[in-house]
Every structure is written in C-alpha cells, then in structure tokens.
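This report refers to the structure that appears directly beneath it.
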Amino acid sequence: MKTILEYQEEFKKQRITPLNLLEDCLKNIDPSLNAYITVTEDLAKKGLGKNVEGKLKGIPIAIKDNINIKGIPTSCASNVLKGFISTFSATVIERIEKNGGIFIGKTNLDEFGMGSSTERSYYGPTKNPFDLTKVPGGSSGGSAAAVACGSAIISLGSDTGGSVRQPASYCGLVGLKPTYGRVSRYGLVAFGSSLDQIGIIGRNAEDVGVLLEVIAGYDPKDSTSSEKEIDDYSNLNTIPKDIKIGIPEEYFKQIDPEVHSSVIKIKKTLEKEGISFKSVSLPTTNYIIPTYQVISYAEASSNLARYDGVRYGLRKEGEDFHDTIRKSRDEGFLPEVKRRILIGSFVLSSEAIAEYYERADLIRRLITQEFNKVLKEVDCLLTPATPTPAFPIGERTDDPIRMHVPDRMTAGANLAGLPAVVAPAGMIGKLPIGYQLIGKPFDEKKLLSVVRLVEKIAPFKGFLKEVKDG
Amino acid sequence: MAEYKTTIGIEVHAQLKTDTKLFCGCPVSFGDEANSNVCSVCLGLPGVLPALNKKAVELAIKAGLTLNCEIHEKSIFARKNYFYPDLPKGYQITQYRFPIATGGRILVEGKEIRIKRVHLEEESAKSIHEENRSLIDYNRSGIPLIEIVTEPDINSPDMAVAYLKILQKILQSQSISGAVMARAEFRCEPNISVSKEEGKLGTRTEVKNLNSFKAVTKSLSSEVKRQIEILESGGSITQATIHYSEETGKTWEARTKEESSDYRYFPEPDLPPLVVDKEWIEEIRSSIGELPTERKEKYIELGLTAEDAKIISNSPGSSRLFEEILKIIGDPVEISKWILRDYMSLGQPDISAENFAEMIKMVADGEISRNAGAEVLKEMVESKKTPEQIVKEKNLIQISDSTTLEKVLLEVFEECPGELNRLKEGEKKLIGFFVGQVMKKTKGKADPKEVSRLISEYEKKY
C-alpha cells in the first residue's frame, strides 16, 4: 500500500509507470460495487498523455458525480440531468490537472448528495466493499467504495452534513471535510450552499494532505472562499505533543458500545503519546439534526429550482410552461429529493419561515458559538465518526428519520463551518468504524497530524484491497 | 370628484452602466445576436457561483448618495424564488431586508419625495413569444439593475412623471444609468390609490408595462378615474396588477390568480454580506458632480429668478461658465442675463470665461455699450480674439464724453423740432426717442446713460 509521495518516487525510479498504475486501478473497478456512474478511461489516458509534472503526477483520482469536469456528463445521480454534459471544470478539477492528477471516473452518490447510504441514486445503490449487503455510507459512497476497492488512489466527495466522513468511516478510510471556505465550491453542484464543502477521501492522512495542498486556497469565482494562506498539509511529521483534545460527552451517548470502546481506545493510545484530554460538553448537540434538516432542505429547495427542463437535462413536454416544468421535475427527481424540496419550500414560506428557517438559523448560531467556546479550551474534539458501523442495504430507505441518525455526529461541523476528519478506529466484525476529530477553523494540518500519529502507532493494515503495483 | 386624494408610489428599475454583468464577466450590450453574451454563470448551469461586480456596487452607492440616502456599510443579498422560463436559476439574486441604501429624498416641483430604498439586483432573460413557440434570449440575464422605491408621496399623475424625469436626468448626468426607456434601461411600476378620508390610504393597484412617460400619465389618470368610478358606484378596489393599453389609453385589472405568489426570500448563501468601507463611500461621494436641482437652489439664492435658475442649472455647460465668470466678476444677475439672452442663443459654444467676464466688465464700466457687448461676444466665438482686440478693431469704444455727445444731441434737436417742442412741454417719454436718435447717429457707440442725463439737463433749462 503506497502513498501518493511513494508513487512519485516509484515513477521517478521508473519502477512503475503512471500507465501501469492506471491500468491496475481500472482492473480494480468492480461492477458489483456500482461505485462509478461514468468511468473516464479516455480522459485519464489523455491526462497521462499531457505529462504534466506536479505533486499528483499520474495519480488516478475518482470524482463524485456532482463535481463538474468539462466535456464529461455530470449527473448528480439524477434523472433530471439526463444527457447533461459539463461545459466547464470545477476549480478543484483545474487545480488537480495543473498538478498532473488524472481522473478515472465519476462516482455514484445519493441524488444531489441527499442521503447517507448511496442507495437513493437513479443509477442504483453502491455497495460496501467490505460487505456487499451493507451500504457504503453516503452521499459520497461511490467515492469511498472506489478508493476502498483500489480503483482510485484517492477521491473527491462533497460534505454537506457528513457526506464525506460517514462513508469514509464505513469504508475504513480517511475522510476530510475542510473548513467552510478552505476549498472553492465553484463547479460543485449545490445542495446546501452554506454547508457544502468539497472533501477528500484517501487511504491515509498524508495522501489527504497532499491533495488538500493542491485544491485548497482562495478562488475569485467563489465569494465564500477564504483568502487565508494555505498550510503545507502534506508535511505531517511534526508530532503534535502539546495539544489538548476535548471529549464531548453528548457524542458518546446513543451509540453502539463497540464504537464507543473503539474510540476510547484511540483516546488511550494518544494519551500514551503524551496528549492530554479533557471532558467537555456541547448541550446543543441534540438540535443538530433538526437544524441541519431545516437549513439544508431550505437551501436545496432553491438550489434545485434550476432543473426545470427549459435549458438542459430531462424535459417532459406539458400543456404550458408550468406544466412542462411540473412533468420534468416529477419524472426527474426521486422521492427523497422531492420530499426535501417540499419541506424546504415550506420552511421558507411566509407562514412558516419565522417558526422554522429563522429559528434554525438562530440555533445554528448558538451551535457555532458553543463549538467555538469549547474550542478555546481544547485544540480539537474527539468523537465517534458514526454511531454504528455500516447498516444493511434497504434497512432505512423508507425511514428518513433513521437515515439521518449518523448526521448527529457529523453535521455540527457543517453548521459551524469547522474542519473535521474521520479516520479508522478499528473493526466491528468485518466492518470498519471510524473516529472523528473536529478542529478550529483552518486547523486542517493539526487534525491530519493527529491522524498521522494514530496511523504510526496503531496501523490498521489489512483494511483495503491491495493495489497491485504492476 | 375633487374630494378624492390620489396617492402614488413608484418603483423604478434602472440598468447600471457597467461593461459586464452583475455576477459574471459577460459583456452588457444592446441589440447583439440572441444568446451571444452568455456563460455558464448567467445561464445558471449546475455548479456555478456568483462573483459580484464591483463597478455595479459603486454605481448603486452613487445612486444612493445622489438620492440623499443613507448608505449601509453592510447589506445582504437574498434569493427571490419563483419559476419562470426567463429565470435560469429558479431564483433572482436581489436585496430584500438589508438593501444597500435607504431613507433618501429628492425635491420634485418643490415637494419632497422620500426614497424608501435603493437596492441591487440581477435582470432576468427576455422571452420572445412567437406564434407556436417561445424563445428565450439570455443576453439580458444577469445584467445589473438598481431598484429605486419611493414612499407614497406623489399626489398626481403629472407629479409622477415629473419625478421620473428628474430621476432619469440624475441617473444620466451621474453616468449611473443610460436610463433610455426604449431600451428597457429605465422601467417604472407605479402603485396608485385614491381615498376620500384624510390620512387614510385606499387599496392600491400596481400598473405594469409602461414604456413611455406619456403612458405613465395616461395610465395613471385612467386608473384614478377607474378607481373613483368603482368607489362611487359602491364597489371596492381589489389589490391587483393593472395593465394599460397604449392604443385605447385604458387600464384594466389583470387576473389576480398569480398575485398571491410567495417568493420565499432568504439570504443568498453564495454571497457573503456586502461590506463597503466608509472610505470608499466617501470617495464615491466626492466623485459626484453637483446635481441640476442643487445648482438651481443655489442660483435662486444668488438672486436669479426661479425660471432663469432652472434654465441655466439644467445645462451643465452654461452652469459651469456661469460659475466661472461669477468667480471673476461677481454680479450673478447680470451674468445670468448675458448667458440667457446672448450666450445660449449662440448655441452654447466653447468660450473663455476670462474673455466673457472682461466683456461684461467693459459694458458695466461704460467702455462699450450693451449692443456692442453682444457684438463682441459673437466675434469672440468666431475669432477667439480678446474683447480688447475686437473693440479696437471694430472701433466699438463707447462715446461717454459729454462735449461730443452734446454736439450730436444738438444736431438731433435741430432735425426734430416738433419732438423737441413736445419735450419742452413736459412729454417725458420723448427722452427715450432722443436717446434712440443719438444712438442711431453714433452707430450705437453713445453711452445711453450719459445721453439721457444730458437730455434731462436740457429739459430743466427750459
């Protein structure tokens, strides 16, 4: 199992060629997993042909199919975008291309990122590589499965309420949701714009740092991106000894006891390394899911209004414009997306906005204040990544409330705009589970350094299918 | 039906004079081939984000300042959600609860009209309806607009038009907007109500699709009549959109079905709050030229009549010249007369204020006559010579020497014995006749004041 930097060494020494690596990855694409909506072999080979030097030279990267690559379909796993081909590339895609990275395919997701299982895709569910009867998590389940099965070295996902971290946890990977504004959203198809952030799913902290270094930083095309300088995220060798980590008690309630003990094991391992811990409390934790639902649904109802069949995508002719739009949207969206659009429209309606949207916005501020207050006392927070390991396919598809349960661990970081990383904490049976670190704004390097430290002292080998090195 | 009081408020949408659109780099133009000035952002493709045009913000601030508004250092963009084929994102980015400017006022015919708010927003695309199909031109999609909203301070259709004309002039003179109505750069939506009860407003209707000032006057007058007729016959007004037909000059109520739309406004998450610092606002303030209405008030204070002040203040060239000459020689009333009677009738040509001032001074000092002054002015425009040179060349020096003038006067007396006798008998109006005769004989060079003084002396002797 090589890191991205190790592959660069191998290429230099000509022990492997980028083409060998790409071919290995292509071989590892497992159709039974349904991780990809579009495999972009030609695009990847064309990318190799350009022979661009850089940190990501020749590294096959999988891209969630809600991030635009020029000339390639962007489906968002929705029938409403049938036949739509991107006319431009996302800023992250351009930055990866400039650094020599290549794109192996567009990965499956819950339609428009709305889900926690990658079951709600027009293109069918993605399966967990560790157990084909289980979900890979979602909504970036395709991006997680693609890396876990060795068909991509690393991948991009998007995280609105945990959509990068929860699948990383279910698939035994490192998943990072950067600080809101750290990575440009330009070219990411919006779900909940104030919560969305492009994230990374990789096999180790260093790889994630390498890719973050490439994609992070100010973008004039995204007014919400930060002008703050980026860090050398791939340099994780300084061991963070003097840091203090908070344990928020609310995150250890209502969780699987084995998840609980695995995360506590991580805590004990770090304590041995001299890192100190402190119990802290975040009483607003119980409000995270409803607050997240109201805000993300409200924004989604507006963000998805553009899919009207007028300019692109699916169009079903009706009697007049309003009828055409009704029919196109009715056939275009799956039930969960419709449910969220309806609720989102309701919470913004003049009779409900004060009770729902405005109240949620207020509670969001309280949640943010509470995080920031606690993060003055400690450097970051340690929590479980998910309350349980991956659940069975089909178990929660008819139960939106239960489907949202994992968000309780992850959506707080989205509401508060904080960086958070998930990494392997162990196995329960044959299923991996993860721990989560939530940090101060722009503290990605510190979070990744802690993950790196855990990797060094408690390496979780044997999780992944080995990529055959040619 | 004089007992009804009319109340009008107006929303104006003005297109800002920028090179590019509000949230993308597409050029703003008029009359280009359909869908030639479009990109992924103004077409609202999946994944795009808006990036605010700074020039548009500057012009919106400028508009706010010229309308005496308070400029808010922090304003917030919002989404107005509704479905329409010409609205590519399914929402319009506008400002709702926190506009960039509020609380302004302008004077219209001596009455203060309060400006409720000025806010920034994006234009929608243009639908073109053909017999069997509708086409959409997205060239207009995303063009920057400001919406200017008055309080209900306007009391008649004529005042509404007067307000619109002043507003249009301000936007044009400050280069905020081309404000050409025929190009949809300046559009107005008046709302109107009538009421008998003092201090109580009636139910208002909103008049749409007005493409000229004439249409504004006619539609509002027609709407006043329509509302009064309904009330007089015992009916009541329903809050509705009113359409106006240019052909019949009549207004009618549109179907009220779509009126209850709920726009579900909420803060635009893709744009952080718009923060403008005080320094920038002050910089923009100092770039604003004086407004015609402000100049007019100033000229009235200097002693000009309201009419004269209005004419000069409305012409930026004449105003500038007036003020420059004023700095050199003072005497605003005299300068205004020269500008109104002589300079403007020459078509307001380029002229040196120093030379103009010197000419006025020569007349005032009695060196040349007023008529000669007018001649000098004409010559100055044509030859660019100084008044001194012209006066010398044309021998226009005024004769003020009493011995010379007395000689001419005596000659006139001899030629007109009849008139002289009537003068002697006390017929005062003949003084003017003799002054005229002397002017004639001297080809206008005689100093009329000195001549009439001499005549009066003669008169006393007899």
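Against the numbered list (1) free of Cβ contacts under 8 Å to residues at least 60 places away in the same chain; (2) under 24 Å from A:I255 (Cα atoms); (3) buried (at least 19 other Cβ atoms within 10 Å of the Cβ), A:V347 comes up short only at (2).
Of the residues that make up the range A:240-247, is at least one assigned to a strand (DSSP E or B), of a type in the set (D, E, K, R) and closer than 23 Å to A:K376 by Cα? Yes, the conditions are met somewhere in the range A:240-247.
Answer yes or no: is there a residue in the range A:35-53 that is over 20 Å from A:I93 (Cβ atoms) and either in contact (Cβ under 8 Å) with a residue 12 or more places away in the chain or not in a helix (DSSP H, G or I) (or both). Checked against the condition, which is being over 20 Å from A:I93 (Cβ atoms) and either in contact (Cβ under 8 Å) with a residue 12 or more places away in the chain or not in a helix (DSSP H, G or I) (or both), the range A:35-53 yields no hits at all. Scanning the range A:206-247 for residues that are touching a Pro at 6+ places or on another chain (Cβ under 7 Å) and either among the charged types (D, E, K, R) or within 14 Å of chain B (Cβ to nearest Cβ) (or both) returns A:S223, A:T224.
Scanning the range B:290-326 for residues that are more than 13 Å from B:I339 (Cα to Cα), touching a helix residue (DSSP H, G or I) at 6+ places or on another chain (Cβ under 6 Å) and among the β-branched types (V, I, T) yields one hit, B:I300.
One residue stands out among those in the range B:268-289 that are in a loop (DSSP other than H, G, I, E, B) and in contact with a Leu (Cβ under 8 Å, 6 or more places away or on another chain): the one that is farthest from B:M344 (Cα to Cα), which is B:D270. In the range A:246-258, the residues that are closer than 19 Å to A:K268 by Cα form no Cβ pair under 6 Å with any partner that is among the acidic types (D, E), whether six or more places apart or across chains.
Looking only at residues in the range A:281-322 that are part of a helix (DSSP H, G or I) and of a type in the set (F, W, Y), the one that is farthest from the other protein chains (Cβ to nearest Cβ) is A:Y287. Among the strands (runs of 3 or more DSSP E) confined to the range B:92-133, the ones with at least 3 residues that are in the same structural domain as B:V275 (by TED's automatic domain parsing) and farther than 25 Å from B:C42 by Cβ are located at B:101-108, B:111-122. Scanning the range B:76-113 for residues that are within 14 Å of chain A (Cβ to nearest Cβ) and in contact with a Leu (Cβ under 6 Å, 6 or more places away or on another chain) turns up B:F77, B:P88. If I ask for residues that are under 19 Å from A:V310 (Cβ atoms) and among the small types (G, A, S), which ones from the range B:92-149 would you list? Correct list: B:S124, B:A125, B:S127, B:S134, B:S141, B:G142. In summary, strands (runs of 3 or more DSSP E) completely within the range B:182-248 and bearing 2 or more residues that are within 22 Å of the chain's Cα centre (by Cα) and within 14 Å of B:V161 (Cβ to Cβ) occur at B:186-195.
Matching residues to (1) within 20 Å of B:L326 (Cα to Cα); (2) at pLDDT below 85:
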| residue | (1), (2) |
| --- | --- |
| B:M359 | yes, no |
| B:K385 | no, no |
| B:K392 | no, no |
| B:L396 | no, yes |
| B:E415 | no, no |
| B:K440 | no, no |
| B:P448 | no, yes |
| B:E459 | no, yes |
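Among the conditions (1) crowded, with 23+ Cβ neighbours inside 10 Å; (2) over 30 Å from B:K298 (Cβ atoms); (3) in contact (Cβ under 8 Å) with a residue 40 or more places away in the chain, B:I113 misses just one, which is (2). Among the residues making up the range B:35-65, those that are more than 14 Å from every other protein chain (Cβ to nearest Cβ) and either in a strand (DSSP E or B) or over 20 Å from B:V275 (Cα atoms) (or both) are B:S36, B:N37. Confirm whether A:S32 is more than 22 Å from A:T160 (Cβ to Cβ), surrounded by fewer than 24 Cβ atoms within 10 Å (Cβ to Cβ) and of a type in the set (G, A, S). In short, yes. In a residue-by-residue description of the range A:329-348, the property of being outside the structural domain of A:P400 (by TED's automatic domain parsing), of a type outside the set (A, V, I, L, M, F, W, C) and more than 28 Å from A:S121 (Cα to Cα) applies to no position.
Of the residues making up the range A:12-28, not a single one is within 25 Å of the chain's Cα centre (by Cα), assigned to a loop (DSSP other than H, G, I, E, B) and of a type outside the set (K, R). Kindly check whether there is at least one residue in the range B:253-262 that is at pLDDT 95 or above and surrounded by 12 or more Cβ atoms within 10 Å (Cβ to Cβ). No, the range B:253-262 contains no residue that is at pLDDT 95 or above and surrounded by 12 or more Cβ atoms within 10 Å (Cβ to Cβ).
Of B:E290, B:E324, which residue is acidic (D, E), over 30 Å from B:N81 (Cα atoms) and at pLDDT 90 or above? Testing whether each residue is acidic (D, E), over 30 Å from B:N81 (Cα atoms) and at pLDDT 90 or above leaves just B:E324. Residues in the range B:298-321 that are in a helix (DSSP H, G or I) and at pLDDT below 85: 3 in all. Given the condition within 28 Å of A:I353 (Cβ to Cβ) and in the same structural domain as B:K89 (by TED's automatic domain parsing), answer yes or no: does some residue in the range B:275-297 qualify? Looking for residues that are within 28 Å of A:I353 (Cβ to Cβ) and in the same structural domain as B:K89 (by TED's automatic domain parsing), one finds at least one in the range B:275-297, hence yes. Look through the range A:62-99, keep the residues that are more than 22 Å from A:T118 (Cα to Cα) and facing chain B (nearest Cβ under 8 Å), and return whichever of them is surrounded by the most Cβ atoms within 10 Å (Cβ to Cβ). My answer is A:A90.
The values are calculated or read from the model by the stated rules, or taken from the named source; none is laboratory data. Computed from a predicted model, the values in this text were never measured in an experiment. Note: ideal-geometry Cβ built from the backbone for every residue, glycine included; neighbour counts use all protein chains shown.
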